[in-house]
Amino acid sequence: MKTDAPLNQTKKKTLWAWAIATFFGVGLGKPGPGTWASVVTLLIWADYAWALHPSANGLLLALSAGIVLAIALGVPAATIAARESGLHDPGFVVIDEVAGQGIALLFAPFNLANAIVALILFRIFDITKPFPIRRLERLSAGWGIVFDDVAAGLYALGVASLLRIFLRF
């Protein structure tokens with residue numbers, strides 16, 4: 001469970017880790033830093049798709065690269081930020097939401113309906129943490145912080161994909 005205690009201002013912070021962990025300050029937004037990070041991720045996806053008009057494979061490739069980068073940098077950054085803040089799963093660490101929201105958008109055609117469905121489903125699964133997502137929080141340090149959101153993203157991806165198949169949107 002994310003905690004939102006005040007940041008310890010007296011300790012030295014590892015700048016690169018805090019920049020990545022907070023997704024360049026998005027995690028400092030109030031209220032609901034995780035929702036802000038999800039919305040910003042969705043807007044980056046939409047901006048990329050709208051501005052560059054990539055093929056479906058190009059959008060998938062770019063999104064996949066972003067997800068891999070968010071996870072690869074997010075685990076150590078979340079570990080460092082959590083340790084330096086003295087919190088187990090700080091609310092300001094939102095790189096996990098970036099990865100999870102990206103996963104929820106995988107395979108989604110670029111349109112408003114898909115964007116909204118992916119956002120809502122990811123936030124529902126991230127907040128409610130159905131089985132076995134909550135268990136992933138027990139992983140050590142940044143692994144637990146990031147991988148519960150990766151799992152929530154996978155749940156959202158699965159449900160959104162089924163909705164697209166059956167509702168044809």
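Values in this text are rule-based calculations from the coordinates and carry no lab data. These numbers come from a predicted model, not from an experiment. Cβ atoms come from the backbone with ideal geometry, glycine included; neighbour counts cover every protein chain shown.
Given (1) under 22 Å from Ile127 (Cα atoms); (2) in contact (Cβ under 8 Å) with a residue 12 or more places away in the chain; (3) exposed (fewer than 14 other Cβ atoms within 10 Å of the Cβ); (4) not polar (S, T, N, Q), identify the lone condition not met by Trp50.
Condition not satisfied by Trp50: (1).
Select, from Glu97, Glu84, the only residue that is of a type in the set (Asp, Glu), buried (at least 21 other Cβ atoms within 10 Å of the Cβ) and in contact (Cβ under 8 Å) with a residue 40 or more places away in the chain.
Of the residues listed, the single one that is of a type in the set (Asp, Glu), buried (at least 21 other Cβ atoms within 10 Å of the Cβ) and in contact (Cβ under 8 Å) with a residue 40 or more places away in the chain is Glu97.
Give me the pairs: first residue in the range 19-43 and at positive phi, second residue not in a helix (DSSP H, G or I), beta-carbon distance under 6 Å, and six or more apart or on different chains, which are they?
Once the first residue is at positive phi and sits in the range 19-43, its partners that are not in a helix (DSSP H, G or I) give Phe23/Val94.
To keep it simple, each residue is scored yes or no on (1) more than 27 Å from Gly158 (Cα to Cα); (2) aliphatic (A, V, I, L, M); (3) not in a helix (DSSP H, G or I).
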{"residue": "Gly34", "(1), (2), (3)": "no, no, no"}
{"residue": "Thr41", "(1), (2), (3)": "no, no, no"}
{"residue": "Trp50", "(1), (2), (3)": "no, no, no"}
{"residue": "Pro54", "(1), (2), (3)": "no, no, yes"}
{"residue": "Ala77", "(1), (2), (3)": "yes, yes, no"}
{"residue": "Ala82", "(1), (2), (3)": "yes, yes, no"}
